[in-house]
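Q: Would you mind keeping the following structure in view while I ask a few things?
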Amino acid sequence: MSTIAVAVICKTPAPGKSKTRLSPPLHPDECAAISACFIADLTATIAEVAEVADAAGYAVYTPAGTEPALRRLLPPGFGLVLQGEGDLGARLHKGISDLLDAGHAGAMLINSDSPTLPAAILRAAVEALQGGDRVVLSPAADGGYTLIGLTRPHAHLFADIPWSTADVYRLTLERAREIGLPVVELPGWYDVDDALSYAWLEQEIDGVPPAVGRPGMTGAPAPRTRAFVRARRRTGRAA
């Protein structure tokens, strides 16, 4: 199979368990609601890319048993792969490995916190993964990465990384150098996971380009996320 698996790694939204770092400013039920918007919008972008590139859309998800609720957020035809156990590194490694084991020529995982991630970045990642053994990365504004893609499993990339810190991207590059793995660095983007980055999202919706990415690069439409933010701003609380 020559296709590239393009997957969002996510947790099926539930109040009190989703995007908790966004509370405040959001209430727990709003955190779950905006998480659903993020997943729906990001996977719509993935589906758009899959229409013009040799790619297939997936969700690498948790927890087990929430498949019907998650499928309501996904475009038709998306595959589901259950996340493994352990820390984020272990789950990322298993997610990549499972997608490659399904027969794809390459696999990438995208965090579920970047609803306006441009389709251009995803298309570039798909193209880069068609060029042999390498790691493809898009840095995030907080020092992590928005996506990671591989054509072969490399457990060392995910070993001993202090997740949720500003050192994630830098240390991942170091791991790649240690194993002699070529790196393709793509333009970066930002995650929406706290009050500051939620303000960035509001600014982007108001027409202010994010201070990340390539000059002139515009975010994806993200209609559900935009509608959520505008409704919350108008009423003080999203519907």
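The values are calculated or read from the model by the stated rules, or taken from the named source; none is laboratory data. Just so we're clear, the structure is a prediction, and the values are computed from it rather than from any experiment. FYI the Cβ positions are ideal-geometry reconstructions off the backbone, even for glycines, and counts take in every protein chain you see.
Q: Out of the residues in the stretch 96-108 that are outside any loop (DSSP other than H, G, I, E, B) and either surrounded by fewer than 24 Cβ atoms within 10 Å (Cβ to Cβ) or without any contact (Cβ under 8 Å) to a residue 60 or more places away in the chain (or both), state the one that is farthest from the chain's Cα centre (by Cα). Before the answer, list the steps.
A: Here is the first cut: in the stretch 96-108, the residues outside any loop (DSSP other than H, G, I, E, B) are 96-101, 106-108.
Next, only the ones that are either surrounded by fewer than 24 Cβ atoms within 10 Å (Cβ to Cβ) or without any contact (Cβ under 8 Å) to a residue 60 or more places away in the chain (or both) stay: 96-98, 100-101.
Numbers: ILE96: 13, SER97: 17, ASP98: 17, LEU100: 18, ASP101: 21 Å.
Taking the candidates together, the pick is ASP101.
Q: A further question follows. Here are ALA159, ALA140, ALA195: which of them is surrounded by fewer than 18 Cβ atoms within 10 Å (Cβ to Cβ) and within 29 Å of ARG233 (Cβ to Cβ)? Explain how you work it out, then say what you get.
A: On the way: ALA159 fails: within 29 Å of ARG233 (Cβ to Cβ); ALA140 fails: surrounded by fewer than 18 Cβ atoms within 10 Å (Cβ to Cβ).
Criteria check complete, one pass: ALA195.
Q: If you go through the stretch 46-95 one residue at a time, how many are in a strand (DSSP E or B), of a type in the set (A, V, I, L, M, F, W, C) and crowded, with 19+ Cβ neighbours inside 10 Å?
A: Residues that pass the stated criteria total 5.
Q: Output the number of the condition that LEU109 fails; it satisfies all remaining conditions of (1) hydrophobic (A, V, I, L, M, F, W, C); (2) touching a helix residue (DSSP H, G or I) at 6+ places or on another chain (Cβ under 6 Å); (3) more than 30 Å from PRO24 (Cβ to Cβ).
A: Single failed check for LEU109: (3).
Q: Out of the residues in the stretch 5-29 that are modelled with pLDDT of 95 or more and outside any loop (DSSP other than H, G, I, E, B), which is surrounded by the most Cβ atoms within 10 Å (Cβ to Cβ)?
A: VAL6
Q: For the stretch 159-203, how many residues meet the condition of being hydrophobic (A, V, I, L, M, F, W, C), assigned to a loop (DSSP other than H, G, I, E, B) and in contact with a Gly (Cβ under 8 Å, 6 or more places away or on another chain)? Please lay out each step first, then the result.
A: Initial filter on the stretch 159-203 (hydrophobic (A, V, I, L, M, F, W, C)): 159, 161, 163, 166, 168, 171, 173, 176, 179, 181, 183-184, 186, 189, 192, 195-196, 199-201.
With the extra rule that they be assigned to a loop (DSSP other than H, G, I, E, B), the set shrinks to 159, 161, 163, 166, 179, 181, 186, 192.
Those left that are additionally in contact with a Gly (Cβ under 8 Å, 6 or more places away or on another chain): 159, 161, 163, 166.
The qualifying residues number 4.
Q: When you check ARG152 against the structure, is it in contact (Cβ under 8 Å) with a residue 60 or more places away in the chain and not hydroxyl-bearing (Ser, Thr, Tyr), yes or no? Let's see the steps before the verdict.
A: Details: in contact (Cβ under 8 Å) with a residue 60 or more places away in the chain: no; not hydroxyl-bearing (Ser, Thr, Tyr): yes.
Criteria not met by ARG152.
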